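Here is the structure we will look at.
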Amino acid sequence: MTQTTDTSVETVTALYDAFARGDVATVIGALDENVEWYEAEGNPWHPGRAFVGPQQVVEGVLARIAEDFEDFRVEPHKFISNGETVAVEARYRATSHRATGKPLDAQVAHVWDVRDGKVVRFQQYVDTRQLADVMGVAVI
């Protein structure tokens, strides 16, 4: 059975709420075993391919957030739904990047594909120039 639009938005909203509480287990539990997680091209963490499966998402993204940023948070403010796909306008904020000391306040959009209560695909769009500047890496 495929989820309705409202249920997909509820699933995604619950993920942002869990992340805000620091409940990474709930976030990981909502990922399909074959989830494809795409960081924005130009993001210093973008490996040139999707992270596939929850373990790669943890190692390639979630653990790095905790390691690299002080008080990192995602502040969603608009959800747009089209069936199984939910787009979210948000901001990334952090008190500072641990290596540079620079604060983060970047515009971001996320596109989530949800099937049967599980995230099967995620695509990040972010101000990669600002992210690279905060992280102290060169922009090519």
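The values are calculated or read from the model by the stated rules, or taken from the named source; none is laboratory data. In this text, all values refer to a predicted model and were calculated from it rather than measured experimentally. Neighbour counts are summed over all protein chains in view; Cβ atoms, including those assigned to glycine, are modelled from backbone coordinates with ideal geometry.
Which residues, counting only those in region 54-71, are within 21 Å of TYR125 (Cβ to Cβ), surrounded by fewer than 16 Cβ atoms within 10 Å (Cβ to Cβ) and acidic (Asp, Glu)?
The answer is none; no residue qualifies.
How many of the residues in region 1-54 are of a type in the set (A, V, I, L, M, F, W, C), touching a helix residue (DSSP H, G or I) at 6+ places or on another chain (Cβ under 7 Å) and in contact (Cβ under 8 Å) with a residue 60 or more places away in the chain?
Counting residues in region 1-54 that are of a type in the set (A, V, I, L, M, F, W, C), touching a helix residue (DSSP H, G or I) at 6+ places or on another chain (Cβ under 7 Å) and in contact (Cβ under 8 Å) with a residue 60 or more places away in the chain gives 6.
Residue-wise test of (1) modelled with pLDDT under 95; (2) within 20 Å of GLU89 (Cβ to Cβ); (3) among the basic types (Lys, Arg); (4) in a strand (DSSP E or B).
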residue: MET1; (1), (2), (3), (4): yes, no, no, no
residue: ASP17; (1), (2), (3), (4): no, yes, no, no
residue: THR26; (1), (2), (3), (4): no, no, no, no
residue: ASN43; (1), (2), (3), (4): yes, yes, no, no
residue: HIS46; (1), (2), (3), (4): yes, no, no, no
residue: GLU59; (1), (2), (3), (4): no, no, no, no
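Give the number of residues within region 14-53 that are surrounded by 14 or more Cβ atoms within 10 Å (Cβ to Cβ), in contact with a strand residue (DSSP E or B) (Cβ under 7 Å, 6 or more places away or on another chain) and not hydrophobic (A, V, I, L, M, F, W, C).
Qualifying residue count, region 14-53: 7.
For region 72-88, which residues satisfy the criterion of being in contact (Cβ under 8 Å) with a residue 24 or more places away in the chain, of a type in the set (A, V, I, L, M), more than 26 Å from LYS102 (Cα to Cα) and surrounded by fewer than 18 Cβ atoms within 10 Å (Cβ to Cβ)?
Listed by number, the list holds a single entry, ALA87.
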